[in-house]
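Visitor: Let me begin by handing over the structure; questions about it come next.
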Amino acid sequence: MSDPVTYTAVLPIGERTVAYLARLLVLQRRRRGTRRRALTPFAQAVLVIRWFCDATRVRCLAGDNAISTATAYRYLHEGIDVLAAAAPGLHGALLAARTAGHTHVNLDGTLIATDRCRALGLTPRGRPVVVGQAPPPRREHPGPHRT
C-alpha cells in the first residue's frame with residue numbers, strides 16, 4: 001500500500017462553537033480529576049463535531065488523531081454526554097422558545113420544510129392521494145421464471 005495522503009478540511013461550524021465544547025470538556029476533566037489525555041480538549045471537541053456534522057466514521061476519526069478506535073469512541077461519547085448535560089431541560093427549552101416569541105416548537109428537533117399544511121389529499125402534482133393501496137410487492141427471488 002502506498003503512503004496515505006494528508007489533506008485539510010474545513011468544518012461548517014464557527015470556532016466559538018468548538019471553543020464552547022472544549023470549555024465544557026475542560027470542566028468535565030477537572031471535575032473527574034482526569035490525567036493527561038492523548039487529545040487536547042479542543043482536538044476532542046473537533047472530533048465530536050466532525051462526527052455530528054459529517055457523520056465521519058469513528059475509525060477515520062481515530063486514524064486522523066492517532067488514537068485507537070476504542071479511545072475515539074470513549075472521547076466521542078464523553079463529548080456527547082457533556083453536551084447533553086449542558087442542554088436545557090424541556091421546561092427550560094419551552095420557556096426560552098416562548099421568550100424568543102416562537103409560536104410553535106418541534107420537540108424532537110427535526111425541522112421539516114413544507115408548503116402543504118392545509119392542502120388535504122393532494123400529491124405535489126395535484127392528484128388525489130389514494131390511502132390504503134400499496135404497490136405490489138417486489139419479488140426478492142426470481143424463482144423458476146428465471147431466464
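Each value in this text was obtained by applying a stated rule to the coordinates, not by laboratory testing. Everything numeric here is computed off the predicted structure, so don't read it as measured data. Methodologically, a virtual Cβ is constructed for each residue, glycine included, from the backbone with ideal geometry; neighbour enumeration extends over all protein chains shown.
Visitor: Could you work out the per residue convex hull volume over the alpha carbons of segment 15-86, in cubic angstrom? Mind dumping the intermediate values first?
Guide: Values: hull volume 5.8 nm³, N = 72.
In segment 15-86, the Cα convex hull volume per residue is 81 Å³.
Visitor: Further question: Can you order the peptides 4-15, 42-53, 89-100, 65-76 by their average number of other Cβ atoms within 10 Å per residue, highest first?
Guide: Ranked from most to least packed, the peptides come out as 42-53, 65-76, 89-100, 4-15.
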